[in-house]
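What follows is a single structure, written as structure tokens, with notes after it.
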Amino acid sequence: MDPNGITQLFAEDATFAMGNGEPAVGRPAILAGSTEFLANIKGLRHTIRSEWTVDDVTIAVADATYTRHDGKEVTIPTASIWHVDGDGLITDYRIYSDPAPLFA
């Protein structure tokens, strides 16, 4: 729930995309998108189900549990893929899930 902290995990010219949404490119765009999304929820936690790392790529399958502002929790299955550079910063991050239940 800390957009500034999240953004620091990314390289300066990183790309971040959720589903088929327009990718955010660069830390300022990632910060803006994260800030906007997190303003819509009260809380978020992940339960990792499976994870694979090969070289600089990690794939994770998880359940994302969102707490809405009305207090209701909604759990959505998700898959994420991210690449890191030699400094361990994320250069490309993709999230695949259907957030529709969160806003229903």
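Of the residues making up segment 57-84, just one is more than 12 Å from Pro101 (Cα to Cα), surrounded by fewer than 14 Cβ atoms within 10 Å (Cβ to Cβ) and acidic (Asp, Glu), namely Asp70.
Residue check: is Pro101 more than 15 Å from the chain's Cα centre (by Cα), farther than 15 Å from Ile6 by Cα and not in a loop (DSSP other than H, G, I, E, B)? Give the steps one after another, and end with the answer.
On the way: more than 15 Å from the chain's Cα centre (by Cα): yes; farther than 15 Å from Ile6 by Cα: yes; not in a loop (DSSP other than H, G, I, E, B): yes.
It is true that Pro101 is more than 15 Å from the chain's Cα centre (by Cα), farther than 15 Å from Ile6 by Cα and not in a loop (DSSP other than H, G, I, E, B).
Candidates are the residues of segment 6-32 that are assigned to a helix (DSSP H, G or I) and in contact with a Phe, Trp or Tyr (Cβ under 7 Å, 6 or more places away or on another chain); the one that is nearest to Ser80 (Cα to Cα) is Ile30.
Per this entry, Thr67 is counted among residues that are in contact with a Gly (Cβ under 8 Å, 6 or more places away or on another chain), hydroxyl-bearing (Ser, Thr, Tyr) and modelled with pLDDT of 95 or more.
Only one entry of Thr35, Thr15 meets the criterion of being farther than 17 Å from Thr78 by Cα and open to solvent by less than 50 Å² (accessible area, probe 1.4 Å), and that entry is Thr15.
Listed by first and then second residue, the pairs with beta-carbon distance under 7 Å, at least 6 apart or on different chains, first residue in segment 18-40 and in contact (Cβ under 8 Å) with a residue 24 or more places away in the chain, second among the hydroxyl-bearing types (Ser, Thr, Tyr) and part of a strand (DSSP E or B), are Gly19/Tyr96; Gly19/Ser97.
The values are calculated or read from the model by the stated rules, or taken from the named source; none is laboratory data. Quick caveat: nothing in here was measured; it's all calculated off a predicted structure. We place every Cβ from the backbone using ideal geometry, glycine too, and count neighbours over all the protein chains shown. For accessibility, only protein heavy atoms count, side chains too; no ligands or nucleic acids. Shrake-Rupley method; radii C 1.70, N 1.55, O 1.52, S 1.80 Å.
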